[in-house]
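Here's the structure we're looking at; comments come further down.
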Amino acid sequence: MVVLLLDATRGLEAQDLRIASQVIEEGRALVLALNKWDVAANASSLFNGVKAALAEGLAQLKDVPLLTVSAKTGKGVDMILQVAFELREAWDRRVPTGELNRWFEHAIEANPPPAPKGKRIKLRYITQVKTRPPSFVVFGNRTDELPESYRRYLLNALRRDLKLGAVPMRLDFRGRGNPFDRQGSGSR
């Protein structure tokens, strides 16, 4: 878990976005806290501006919690712990395989994978390989031809439908090939 403390009198700076992005790439759950909220000028517009900048600058993870706090008065500090515990629960969640595959069937039914050059991509099943961050693998054929937009669809639907919240997630794809068709592999 990482709580990134921002100075409300300065707003969101480029360095803050770089740090937040590194935290997400590392797979850590992130909470952003705007400190000095008790002395922030134009609080409402500042909050909306920071929220918009986060949506643009951290597009890979929507809805990162943004809290307003004042270390001086103590206002909002207790909320940091509450949100951190909620995020940690999602970050540590293991989805039962049956529930995961029922979700997967519905997601593919609602939006089937494309058929590049008229050849269908068949996605067979999904499994969760680890937590912290939640990491999943989808098995199928021709997964290397799956467009990035469809990968994002699955990741966003997984996050939304299984209530995994604003935690980083990993979604990998593995094809089903002939094990004897490995070129350059010396071992069989």
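For the reader, a short list of remarks on this structure follows.
- The single residue among LEU17, LEU4 that is in contact with a Gly (Cβ under 8 Å, 6 or more places away or on another chain), under 27 Å from LEU158 (Cβ atoms) and either touching a residue at least 40 places away in the same chain (Cβ under 8 Å) or surrounded by fewer than 19 Cβ atoms within 10 Å (Cβ to Cβ) (or both) turns out to be LEU17.
- Single residue of LEU171, LEU164, LEU123, LEU146 found to be closer than 29 Å to VAL83 by Cβ and modelled with pLDDT of 90 or more: LEU171
Rundown of residues vs (1) at pLDDT 95 or above; (2) under 18 Å from ASN156 (Cα atoms), yes/no style:
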site: GLU105; (1), (2): yes, yes
site: ASN111; (1), (2): yes, yes
site: PRO114; (1), (2): no, yes
site: LYS119; (1), (2): no, no
site: THR127; (1), (2): yes, yes
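- Some residue of the range 54-69 being part of a helix (DSSP H, G or I), crowded, with 18+ Cβ neighbours inside 10 Å and in contact with a helix residue (DSSP H, G or I) (Cβ under 9 Å, 6 or more places away or on another chain): yes
- Candidates ALA115, ALA55, ALA157 - the one that is free of Cβ contacts under 8 Å to residues at least 12 places away in the same chain, aliphatic (A, V, I, L, M) and not assigned by TED's automatic domain parsing to the domain that holds LEU12: ALA115
- Filtering the range 83-98 to residues that are surrounded by fewer than 11 Cβ atoms within 10 Å (Cβ to Cβ) and in a helix (DSSP H, G or I) leaves PHE85, GLY98.
- Selection from the range 144-153 of residues that are in contact (Cβ under 8 Å) with a residue 12 or more places away in the chain and either closer than 26 Å to ALA90 by Cβ or assigned to a loop (DSSP other than H, G, I, E, B) (or both): LEU146, PRO147, TYR150, ARG151, TYR153
The values are calculated or read from the model by the stated rules, or taken from the named source; none is laboratory data. All of these numbers come straight from a predicted model, not from anything done at the bench. We place every Cβ from the backbone using ideal geometry, glycine too, and count neighbours over all the protein chains shown.
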